[in-house]
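Colleague: First, the structure itself, so that you have it in front of you.
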Amino acid sequence: MLRHPGPRVRRALRRPRRRLRRAGGRGRRDSRYPGPPASLGIGVCAAGALACGAPAAACEGATLPGPEVCNRLDDDCDGATDEESDENTCYSGPLATRDVGLCAPGRRACEAGVAGPCVDEVLPGSEICDGADNDCDGETDEDAGDCRCDLDARRPCYAGPAGTEGAGPCRAGSQGCVDGLWGRCEGEVGPKVEQ
């Protein structure tokens, strides 16, 4: 026949549970922030709760700094909203030409949470004799023909896409002969993305 434990035994069995609760056992929740302390409460950054229990404690619901995006929020929790970010950089040319030769990304302004058009990007153009990589393929003046010239000679130059010279504000520049080679194209205006 089974006997029920007496009152002393029941009290002794309850003590470890009370100690476990006091030491952070099941059901206990504390405010916690696993991110950089200086970012807590700045922008979208907020503390979460430490939920203790088996098998391990975990911080739940905290919002940590992230990449800044154009959305009217301070996503990186630095006190500034929609400031410079990777999303503000733009390039519409072939990816393999980005940051090669003269090619360079432009910028998009973020206004009222909306990214604007890409401006000031430099896209691949036709190769000309100017000592630069105009078509952004890693080679200089390779398709430009003979780059030798007579001292003090000048010639027109245009590196924009075919058919764009003379359209709108696009116009050719001029090259001078420097030390027997054609110099940089000066005064040229190429196409840009309209705003």
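The values are calculated or read from the model by the stated rules, or taken from the named source; none is laboratory data. Keep in mind it's a predicted model, so treat the numbers as computed, not measured. Please note: Cβ atoms are built from the backbone with ideal geometry, for glycine as well, and neighbour counts cover all protein chains shown.
Colleague: When the residues of the range 84-98 are narrowed to those that are outside any loop (DSSP other than H, G, I, E, B) and within 26 Å of PRO34 (Cβ to Cβ), which ends up modelled with the lowest pLDDT?
Modeller: Out of the qualifying residues, it is ASP86.
Yes/no per residue for (1) under 30 Å from VAL119 (Cα atoms); (2) within 37 Å of the chain's Cα centre (by Cα); (3) modelled with pLDDT of 75 or more; (4) part of a loop (DSSP other than H, G, I, E, B):
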site	(1), (2), (3), (4)
ARG8	no, no, no, no
VAL44	yes, yes, yes, yes
ALA56	no, yes, no, yes
GLU68	yes, yes, yes, yes
ARG72	yes, yes, yes, yes
ASP76	yes, yes, yes, yes
GLY79	yes, yes, yes, yes
ASP82	yes, yes, yes, yes
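Colleague: If I filter the range 156-177 down to residues being over 20 Å from ALA104 (Cα atoms), surrounded by 15 or more Cβ atoms within 10 Å (Cβ to Cβ) and not small (Gly, Ala, Ser), which single residue comes out as modelled with the highest pLDDT?
Modeller: Checking each candidate, the answer is ARG171.
Colleague: Residues GLY176, GLY125, GLY101: which one is of a type in the set (Gly, Ala, Ser), in a loop (DSSP other than H, G, I, E, B) and free of Cβ contacts under 8 Å to residues at least 60 places away in the same chain?
Modeller: Step by step, each of GLY176, GLY125, GLY101 is checked, and only GLY101 is of a type in the set (Gly, Ala, Ser), in a loop (DSSP other than H, G, I, E, B) and free of Cβ contacts under 8 Å to residues at least 60 places away in the same chain.
Colleague: Have a look at LEU102, LEU123, LEU95 and point out the one that is of a type in the set (A, V, I, L, M) and touching a helix residue (DSSP H, G or I) at 6+ places or on another chain (Cβ under 9 Å).
Modeller: Among LEU102, LEU123, LEU95, only LEU123 is of a type in the set (A, V, I, L, M) and touching a helix residue (DSSP H, G or I) at 6+ places or on another chain (Cβ under 9 Å).
Colleague: Follow-up. For residues in the range 104-122 being assigned to a loop (DSSP other than H, G, I, E, B) and at pLDDT below 90, which is surrounded by the most Cβ atoms within 10 Å (Cβ to Cβ)?
Modeller: This residue is GLY113.
Colleague: Output the residues belonging to the range 179-195 that are outside any loop (DSSP other than H, G, I, E, B) and loosely packed, with under 14 Cβ neighbours inside 10 Å.
Modeller: GLU186
Colleague: Okay, next question. Inspect the range 128-141 for any residue being of a type in the set (Asp, Glu), touching a Lys or Arg at 6+ places or on another chain (Cβ under 6 Å), in a loop (DSSP other than H, G, I, E, B) and buried (at least 17 other Cβ atoms within 10 Å of the Cβ) and give the result as yes or no.
Modeller: Yes; the residues of the range 128-141 include at least one that is of a type in the set (Asp, Glu), touching a Lys or Arg at 6+ places or on another chain (Cβ under 6 Å), in a loop (DSSP other than H, G, I, E, B) and buried (at least 17 other Cβ atoms within 10 Å of the Cβ).
Colleague: Filter the range 178-191 down to the residues that are among the aliphatic types (A, V, I, L, M) and at pLDDT below 85, then identify the one that is nearest to CYS129 (Cα to Cα).
Modeller: LEU181
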